[in-house]
Amino acid sequence: MSGSSHRAAPEVLVVGAGPAGSAVAALLARAGRRVLLLDRERFPRFRIGESLMPATYWTLERLGVLERMKASHFPKKCSVQFYSGSGQSSLPFYFSHADPHESSQTWQVDRAEFDSMLLDHARACGAEVRLGVAVRDVRFDGARAVGVTCEDESGARQEIEARVVVDASGQSGLLSRKLRLKDEDPVLRHAAAFTRYRGAVRDAGIDEGATLVLRTAHPRTWFWYIPLPDDQVSVGVVAPIDRLLSGRGGGPRAIYDEEVAACPALGPRIRRAVEVMDVMVLRDFSYISRRIAGDGWALVFLDPIYSTGVFLALCSAELAADSILDGLAAGDVSAARLGRHGPEYVAGMEAMRKLVYAFYTPEFSFARFLARYPDCQRAVVDLLMGNVFRRPVDGLFEALGTMCELPEARTLDPHVA
């Protein structure tokens, strides 16, 4: 593989240039570390998952891209609004009601553009970026990761050594698959069928960029409705895999249309719109890795369907970067050093998982919940904003547990990072 002989070996090799990989690479490179970022794809490339959570503000600020976001054409997102299966709407959950700080406003992004911006920023911070390079394997010396074997688009293979390998490969789960670390959540095995429209209805004023969550008449099935730049709206239905991919005739198009017909709040919004892409289907398995780090390696995460995905990816990248910098400075890239942020990260991730469980409980609604527990309004909005690492929300789950079944908390293996 050409073009690298004159460069010093990287200290950190990052696999995957999505939001998590680009963020961790930028933070490490800006701190003076030699970073190599590899991705098998060329950018820009399409990705689903357009709705940011307000708490991404803090990582975007630390990365140094906040002003670029403010100057962008991405629609401003100030709230989330829920619609029942009968078409009745809740009041919008305005993030500023929980916190008047400017961080209460976030953005609806086109991921192709957003991801490219983060990748360019990582490069500007000093990370070496190579696209069109597929990592085939992570190499180990005993229990310690020591580098990777990769292959470029011509088929040429190369072994690259590094003190730390960061797996930010997302659902492909390079290391978690190799080391058999994944624990899937059987309740959150879903698929999404989605498309985009131009000219669909947008609400007025502050609500123009709101995320809408629209339930269908079928339990556990719902649509997202996300305004995007250029008068486009992303619309997708999320359902258990056995419903959405049940073998019904007609393929994704027929299944999507059937779900639209079962969502009374959606039809009027897209009736006069023009569809601008084919219906696509994406499978999603929510999972936790039993370890987030080992000797010489670390994981960062991304969940492709839920809007928590980019938020948790960026938080994971930020926490992992701090652990890696601490380990490199100490000359210690052991599992204990590289995974020291694990309990903090998993606690935040589990809080978001409980919110999703509540949402998927048949007959549960936030309106009824808040009518019974009005003092929980602030905590609910904090969760919808992603403020799980900034303010305690534990008291909320005691109340939620009276109206829905919440999952047992998942933890990391206590014997390893």
Practice task
Could you list, in sequence order, all residues of region 260-293 that are at pLDDT below 95 and part of a strand (DSSP E or B)?
Solution key: Met280, Val281, Leu282, Arg283, Asp284, Phe285, Ser286, Tyr287, Ile288, Ser289, Ala293
Completion exercise
Subset of region 210-259, residues among the polar types (S, T, N, Q) and out of contact with any Ser or Thr (no Cβ under 7 Å at 6 or more places or on another chain), comes to Thr216, Thr221, Gln232, Ser234, Ser246
Problem - Ala217 being aliphatic (A, V, I, L, M), closer than 20 Å to Phe311 by Cβ and not in a helix (DSSP H, G or I) - result: no
Handout entry: Residues located in region 40-75, provided they are farther than 29 Å from Arg283 by Cβ, touching a strand residue (DSSP E or B) at 6+ places or on another chain (Cβ under 8 Å) and surrounded by fewer than 18 Cβ atoms within 10 Å (Cβ to Cβ)
Key = Ser72
Exercise for the section: Filter region 172-209 down to residues that are out of contact with any strand residue (DSSP E or B) (no Cβ under 8 Å at 6 or more places or on another chain) and assigned to a helix (DSSP H, G or I) and give me whichever is surrounded by the fewest Cβ atoms within 10 Å (Cβ to Cβ). Expected result: Gly205
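One line per residue, one yes/no per condition, for (1) assigned to a helix (DSSP H, G or I); (2) assigned by TED's automatic domain parsing to the domain that holds Ala298; (3) surrounded by fewer than 21 Cβ atoms within 10 Å (Cβ to Cβ); (4) modelled with pLDDT of 95 or more:
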residue	(1), (2), (3), (4)
Ala122	yes, yes, no, yes
Gly126	no, yes, yes, yes
Val135	no, yes, no, yes
Glu151	no, yes, yes, yes
Completion exercise
Considering region 318-365, residues that are aromatic (Phe, Trp, Tyr) and surrounded by fewer than 21 Cβ atoms within 10 Å (Cβ to Cβ), and then whichever is nearest to Ala143 (Cα to Cα), we arrive at Tyr357
Completion exercise
When (1) out of contact with any strand residue (DSSP E or B) (no Cβ under 8 Å at 6 or more places or on another chain); (2) assigned to a loop (DSSP other than H, G, I, E, B); (3) in the same structural domain as Thr56 (by TED's automatic domain parsing); (4) not hydroxyl-bearing (Ser, Thr, Tyr) are applied to Pro100, the one that fails is (3)
Completion exercise
Restricted to region 231-274 and to residues being free of Cβ contacts under 8 Å to residues at least 60 places away in the same chain and charged (D, E, K, R), the residue surrounded by the most Cβ atoms within 10 Å (Cβ to Cβ) is Arg243
Practice task
Consider Gln105 carefully, then state whether it is in contact with a Cys (Cβ under 6 Å, 6 or more places away or on another chain), closer than 30 Å to Arg198 by Cβ and polar (S, T, N, Q).
Solution key: yes
Practice task
Would you be able to say whether some residue in region 374-391 is of a type in the set (Asp, Glu) and surrounded by fewer than 17 Cβ atoms within 10 Å (Cβ to Cβ)?
Solution key: yes
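The values are calculated or read from the model by the stated rules, or taken from the named source; none is laboratory data. Computed from a predicted model, the values in this text were never measured in an experiment. Note that each Cβ is placed from the backbone with ideal geometry, even for glycine, and that neighbours are counted across all protein chains shown.
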